[in-house]
Every structure is written in structure tokens, then in C-alpha cells.
1. In region 74-86, is there at least one residue being farther than 25 Å from ILE124 by Cα and touching a Leu at 6+ places or on another chain (Cβ under 6 Å)?
2. Count, please, the residues in region 54-92 that happen to be at pLDDT 90 or above, assigned to a helix (DSSP H, G or I) and loosely packed, with under 13 Cβ neighbours inside 10 Å.
3. Is it the case, given these coordinates, that LEU32 is touching a residue at least 60 places away in the same chain (Cβ under 8 Å) and out of contact with any Asp or Glu (no Cβ under 9 Å at 6 or more places or on another chain)?
4. What tally of residues in region 140-171 results from selecting those that are free of Cβ contacts under 8 Å to residues at least 60 places away in the same chain and under 17 Å from LYS99 (Cβ atoms)?
5. Consider region 9-30. How many of its residues are surrounded by 15 or more Cβ atoms within 10 Å (Cβ to Cβ) and over 27 Å from SER117 (Cα atoms)?
Amino acid sequence: MGEAQRLRWVDIDVHRKTVYIQAEKDSNSRVLPISEQLLAMLNRMKKMNDNVFQAHKHGLGVTFTSLRNRTAIKLNNPRLKAIHLHTFRHWKATTEYHKTKDIVHVKEMLGHKSILSTMVYIHIEASLYHTGNDDYQCKIAKTIEEATNLIENGFEYITEIDGMRLFRKRK
């Protein structure tokens, strides 16, 4: 919540589609990619001053809690009340680790200085996504265009053999 509170309009680079996150507590500052959809939503917001979000840290929490509770009532789903702002951070870390199996990448994304801090966020990955094996879908690219298309579709480059580029993606 503190990172969101400190977010300023100048921290958003619309051309590179990135956002600069100022470090909070004892974390590291970082630059993260953002989607076209998020950019469009941000561009629709009123720019009342330098900060993206106008509420104070306490106000953001109160606003979120109020909206969450109203949604839980409207959808008749009391489990929604268990969701907190920090829940989204845990979910992103868990899904990113599942996708990449790269704890260092997740550590950098979260801005942690220690992998021990990151472990707190990804501990549920094994129980949520337990499949018993690591199945991959494999593809071969013969041209730069084919390789680019595979990367855009979530495949990761593995190696090159006999002029063929090998890619894989988790099933």
C-alpha cells in the first residue's frame, strides 16, 4: 500500500510501458512492466496533483475495505472479505514463481533484498499448483519471426541446435 501511495505520475513511462516503484521499508526500488490495459486505466484518471492516488495510506486501506465489503454483500460471497491489498502481492509472487520457477526473478520483482523474504510470498505455490511433474510444450523456430511469435506467446528460449531455436512453455 505504501508503494501505491508514493506512486507519482512521473514514475509512469507510457512510451516504455513501465512504472518506477520507490522502495518501501527495507526493500529495493525497481522498474516493472505494465500492460496497455493498465496504461489506459491510468490515463482515464484525473491528475489532481503529482500523486497518482490521492488518499493517504490509511485512506487507501479504508477505501479498499469499503469497496471489498460492498462487493462481498452484492455478490453474496463473504469469502471476499478475506482479501486484503497485500493478498494481491502474494498472488502475483506465487503465480510468477509458478510460471518461471525463478526465485531470484520474483525477489527482484518484489524488491526484496533477501530471498528469505521472498520465500514468505511463494510458499503456497507447491500446494496450489502441485501437478507432480513439470510438463512442457516444446516448439522449434526456424526464423526470427517464428521465434518472436513464440516469445510473444509465453515460450522461453532454451538453446539452438543445427540452426533451429528450441523453445518451451509450461503446460
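The values are calculated or read from the model by the stated rules, or taken from the named source; none is laboratory data. Please read these numbers as outputs of a predicted model, since none were measured by experiment. All Cβ positions, glycine included, derive from the backbone under ideal geometry; neighbour counts span all protein chains shown.
1. If we filter region 74-86 for residues that are farther than 25 Å from ILE124 by Cα, which is where we start, we get 74-76.
Subsequent filtering for residues that are touching a Leu at 6+ places or on another chain (Cβ under 6 Å) retains none.
Within region 74-86, none of the residues are farther than 25 Å from ILE124 by Cα and touching a Leu at 6+ places or on another chain (Cβ under 6 Å).
2. Summing the residues that are at pLDDT 90 or above, assigned to a helix (DSSP H, G or I) and loosely packed, with under 13 Cβ neighbours inside 10 Å in region 54-92 gives 8.
3. Here the answer is yes, as LEU32 does meet what is asked.
4. First, pick out the residues of region 140-171 that are free of Cβ contacts under 8 Å to residues at least 60 places away in the same chain: 140-169, 171.
Add one more test, that the residue is under 17 Å from LYS99 (Cβ atoms), and what stays is 150-158, 167-169, 171.
So the count comes out to 13.
5. Of the residues in that region, 0 qualify.
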